[in-house]
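To start, the structure itself, in C-alpha cells.
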Amino acid sequence: MSKVNVVLGTFYGDEGKGKIIDYLSENADASIRCTGGNNAGHTINVNGKKYAFHLIPSGILNAGTKAIIGNGVVIDPRVLLEEIDALKADNYPVDNLYISDKAHVIMPYHIMMDKLQEELREGDKIGTTARGIGPAYTDKFERSGIRMEDLISPNFSKIARRNITKYNKIFAMYGKEELDVESTIKDYESYAARLKDYVVDSVDMIHDILDEDGKIVCEGAQAALLDIDFGNYPYVTSSNPSIGGICTGTGIGAKDIGEVYGVLKAYSSKVGEGMFPTEQNNEIGDTIRELGHEYGTTTKRPRRCGWLDLVALKYAARIDGLTGLAINHVDTIGKLDKIKLCVGYEYEGQKTMRFSTNSEYLSKCKPIYEEFEGNFGDLSQCKSRQDLPEKAQVYLNRIEEIVKVPIKFIGTGASREDMIVVK
Ligand code: GDP
Ligand code: IMO
Ligand code: MG
C-alpha cells in the first residue's frame, strides 16, 4: 500500500466508491473525505447491514482507522449529527471521527438559496441535490463562509446574524420566506456544542500520520464528469472531485500520492441533468436500473442508465492520472444477454477517442459500440480474476486494453466480501 491511496469516481458519481474505501481503510491509519458534502451518498454493506454515509468517511467502520472530514468538505452539521447518532445506535462508538477546523458549514440559507437558484434557472435546471452545496462553496470562495472553527467559537452568533440578515434580504426580494435569526443561531449553537470535541487541525493531524509512515486513504466524492472545471458545465457540482481536490481538500502534497484508483461500474449511470452519450433511455436502461437498484442514495431519484463509455473513461484516466481501475457491478451487467461497450465516438463521419465536455461537441458524437456476450452466471464464488467465467474476462480485458489502466478491483456484489482484489 502506498503512503496515500486515492479513490475517485470516474463518471457521474455512485460508482461504488464507498465499498472500495471501506476495503482499503482496513489497512490504513486514516481515511479522509476530501471534497463535496452531503450531496454524496456512499454505501457500504457489512454483515448484512447497509450503511449510507453522506459526510462521514467510509473508513469509519474500521475501528483502528482515523476517519477525518477534510478541509475541502462542506458540512451540514444537522446531517452529520444524524449520521453520528445512527452509528452510535449501532454500537459504533464514533471515537475515531475527526473534523477539520477549516471545513465550511452549510447553513439553512444555503439550502434555501440552492432551491431558489434552481427555480430561477427556469427550464435550465441543473438537478442539484438541493443540499445547499453550490451556495456553501460560493460563500467559501467569496470569503463570507463560516468554518467549523467559527461554528465552535464565541464569535459564531455575530457572523451568523450578519449572514442570515444578508440572505433574508435576498429571500424577501424574491418573495420567499425568511429565516428566523435567533432560532437558527440557537440550533447551530446546539450543533456546535455536540461537535466541538471532534474538531481538529486536520492538516497537522494528517502530516503527523505521514511523518510516522502511516497509510492514508483519500475518499473522493462525486466524480470526474461532475467536476466544476472538467465536467459538463453547468451540469456539475461546485467542487473539484478530480485529483486536485484531494490535495486542496486535505493539505496533502502531490509527492505523497501513490495509487489513484478510478471507480466505475460495468455500465454507466447519472442523476441530474446534462449530457450522457451512452444513455439508454429505453427498456435496456430500465432493465439495468432494476438489476442494479439504481436509485439515488441521497435523493432516491431514479438514475439514468446506459452502457459503459470508454471515451469518457479515458478522459477521466487522463485528468486524474489513474493508476488502477475498480470496476463494480460486474455481476449486474452479467445478468444481461448482450452487453454493449462504447469504444469510440463517430464525429462528423470519423471515429474519435476525443472526449470534450462541450455540449455542442458531445451532442454531435454518436457512440460506436462493440457487443459482448452476457449471462455471466453466479460470480459469488469467484475469488480471483481467473475464477471469472470466460465471457466476463473477455469484457474486462477489452476495457483494460482500450483504457490502458490495469484493473485492480472487481466488484461481484454489493457486500464487503464481494470483491476480487487483482494481484
Ligand atoms: P458511491 O457514491 O460511489 O459510493 O456509490 P453508491 O453507494 O451511491 O452506489 C453504489 C451502489 O452499488 C450501492 O448500492 C452499492 O451497494 C452497490 N454496489 C457497489 N458495488 C457493487 C457490485 O459490485 N455489485 C452490486 N450488485 N452492487 C454494488
Ligand atoms: P456520490 O459521491 C451522483 C449531482 C447531482 C446534480 C449535480 C449537482 O454519491 O457519487 P449538487 O447538489 O452537487 O449541486 O448537484 O451533481 N451529484 C451527484 N450525482 N452522485 C453524487 O455523489 C453526486 N453529488 C452530486 O445529482 O446532477
Ligand atoms: Mg453515491
message: Just to be sure I understand the filter: pairs with C-beta atoms under 7 Å, separated by 6 or more residues or on different chains, first member in the stretch 147-170 and hydrophobic (A, V, I, L, M, F, W, C), second member part of a strand (DSSP E or B). Which pairs pass?
response: 148/75; 148/99; 148/100; 148/105; 148/199; 151/105; 152/199
- request: Hey, can you tell me all the residues within the stretch 12-39 that are open to solvent by 10 Å² or more (accessible area, probe 1.4 Å) and within 11 Å of ligand 1 (Cβ to nearest atom)?
  value: 12, 14, 16, 19, 23, 39
statement: Checked against (1) buried (at least 18 other Cβ atoms within 10 Å of the Cβ); (2) more than 27 Å from residue 4 (Cβ to Cβ), residue 317 satisfies every condition except (2)
message: Looking only at the stretch 370-396, count every residue that is touching a Phe, Trp or Tyr at 6+ places or on another chain (Cβ under 7 Å) and either assigned to a strand (DSSP E or B) or in contact (Cβ under 8 Å) with a residue 60 or more places away in the chain (or both) and tell me the total.
response: 3
- line: residue 6 fails exactly one of (1) within 17 Å of residue 247 (Cβ to Cβ); (2) within 10 Å of ligand 1 (Cβ to nearest atom), namely (2)
query: Out of the stretch 41-60, which residues are open to solvent by 20 Å² or more (accessible area, probe 1.4 Å) and away from ligand 2 (no atom under 16 Å from the Cβ)?
result: 47, 48, 49
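Just for the stretch 2-17: of the residues that are of a type in the set (S, T, N, Q) and over 15 Å from residue 227 (Cβ atoms), which one is nearest to ligand 3 (Cβ to nearest atom)?
Filtering the stretch 2-17 down to residues of a type in the set (S, T, N, Q) leaves 2, 5, 10.
Applying the additional criterion that residues be over 15 Å from residue 227 (Cβ atoms) yields 2, 5.
On the way: 2: 25, 5: 19 Å.
This residue is 5.
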query: Which ones in the stretch 299-314 are within 16 Å of ligand 3 (Cβ to nearest atom) and buried (at least 19 other Cβ atoms within 10 Å of the Cβ)?
result: 303, 304, 305
task: Of all residues in the stretch 240-273, count the ones that are open to solvent by 10 Å² or more (accessible area, probe 1.4 Å) and either part of a loop (DSSP other than H, G, I, E, B) or hydroxyl-bearing (Ser, Thr, Tyr) (or both).
output: 8
- prompt: Among the listed residues 114, 124, 90, which satisfies the condition of being on the phi < 0 side of the Ramachandran plot and in the same structural domain as residue 78 (by TED's automatic domain parsing)?
  reply: 90
Residue list for the stretch 286-295, filter: more than 13 Å from residue 15 (Cβ to Cβ) and buried (at least 17 other Cβ atoms within 10 Å of the Cβ): 288, 289, 291
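The values are calculated or read from the model by the stated rules, or taken from the named source; none is laboratory data. Note that the structure is predicted; figures quoted are calculated from it, not measured. A quick note on method: Cβ atoms are made from the backbone with ideal geometry, for glycine too, and the neighbour counts reach across all protein chains shown. The accessibility values were calculated without ligands, DNA or RNA, using every heavy atom of the protein model including side chains. Shrake-Rupley method; radii C 1.70, N 1.55, O 1.52, S 1.80 Å.
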